[in-house]
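Pasting a structure below so you can have a look.
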């Protein structure tokens, strides 16, 4: 490894100059680490192995450093818990779980966690591979939205990583732009999923880690079943969260808005998001109406009616932009190539018919006639159906509908009004109980 004598950043052996300050690089072991009065760990050897070089980021849980692994001669990211967090048994257990879960995961598109050890100052350190790039959150903050090609390539890679985790009965539960890391390459981004500390293990022998009265995840990206704290939550909660990320990436705003946690969750439980093509009709990157139908299926309130996997979501989104094939292919295609393919189809897709608006009752219950088979308009190609899962969901059972509320139409609007009012009150009570326990 080489290091910059000015900023302390570490680089591969074939690097010559630091792109940050232009200084010539030298061997990392020959570049002294400057002490920092604000952080005693800088320059220290943590866990007898990791020489701390500089602070990379600060978070609510801990501080992240770039460090040199003196045994493997590679740079690593070292996350050390804050002193107050290190005294919380549950927080430490979640920290440790991220290390244990990582050993079960494929790492092509999931960050690799290398080590977990206590530190001499009474905290705990999690060691991960060091990534060059930035979180999707930083990209969206700077650019507002991302191009369709970049989004499809990103989504396709995330699908490969997440479907691998889901196959092992592991649900991430905290997907958000902050946890998608974009490593820039000449072909386009290589995406790495971060932070499996909130993972839910649905395996039969899973170790349970539950805190009464807590709801894990960011409210903007929470599926209804997660917002309600239901134990039935499974991988389809990640499908919802990833759909919310895609919506934000193309529209420039989250699908469900609110001024605080309870108001956001109430929107998720009782409202439908505006169709992407209508939410941003003048977007920098045009949004075809064909994407609206995909989002309708991804945001079904009942998990059983939602797209069945992240791979199915990725396939449907790509096909909504006129691509042929599957996400397994698009994940490896260069962004420039994907952009050319999408741009060739986009003019035809932009005049495609938008989906029929749902009725008031359908919007309230998260159901609509859009549950019928998802077919592409003629201009979009022979088929837009995902290769890995059908878009058509089975008709919902009447047993799922609250007592006294007609399924559809009804004989009298009185029953609809009474039932809907009762359900809204129940939702409000559920949200308050979940958040305030």
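Roughly how compact is the range 17-86, stated as its Cα Rg over 2.2 N^0.38 Å to two decimals? Please report the intermediate quantities before stating the final value.
Details: Rg = 12.9 Å, N = 70, 2.2 N^0.38 = 11.1 Å.
That works out to 1.17 for the range 17-86.
Would any residue of the range 313-348 have its amide N under 16 Å from a label point 7 Å out along Cα→Cβ of residue 143? List them or say none.
Backbone N within reach: 334-340, 342-343.
OK, next. Quote the FRET efficiency, to the nearest 0.05, computed for residue 15 versus residue 134 with a Förster distance R0 of 22 Å and r equal to the Cβ-Cβ distance.
Numbers: r = 19 Å, r/R0 = 0.86.
According to the calculation, E is roughly 0.70.
Which of 4, 47 has the fewest other C-beta atoms within 10 Å, and how do the rest follow up to the most?
Least to most surrounded, the residues fall as 47, 4.
Could I ask something else about it? Can you give me the three principal axis dimensions of the range 210-306 from its C-alpha atoms, in Å, biggest first?
45, 29, 19
Hey, could you grab the Kirkwood Rh for the range 33-129? Inverse mean 1/r over distinct alpha carbon pairs, Å, one decimal. Show your work: numbers first, answer last.
On the way: mean 1/r = 0.0731 Å⁻¹.
Taking every pair of different Cα atoms in the range 33-129, averaging 1/r and inverting gives 13.7 Å.
Counting other beta carbons within 10 Å of each Cβ, put 82, 109, 172 in order, fewest first. The partial results should precede the final answer.
Working: 82 16, 109 23, 172 28.
Placing the least packed residue first, the sequence is 82, 109, 172.
While we're on this one: The range 288-348 to the range 150-169: how many Å between their Cα centroids?
Between the Cα centres of the range 288-348 and the range 150-169 lies a distance of 13 Å.
Let me ask something additional. With a 10 Å Cβ neighbour count serving as the proxy for reagent exposure, in which order, fewest first, do 11, 220 appear? Provide the component values of the computation, followed by the final result.
Values: 11 18, 220 22.
Fewest-to-most Cβ neighbours within 10 Å comes out as 11, 220.
The numbers here are math on the coordinates, done by the rules we state, and not lab data. If you're wondering where the values come from, they're calculated on a predicted model, not measured in any experiment. Every residue, glycine as well, gets a Cβ built from its backbone with ideal geometry; the counts of neighbours run over all protein chains shown.
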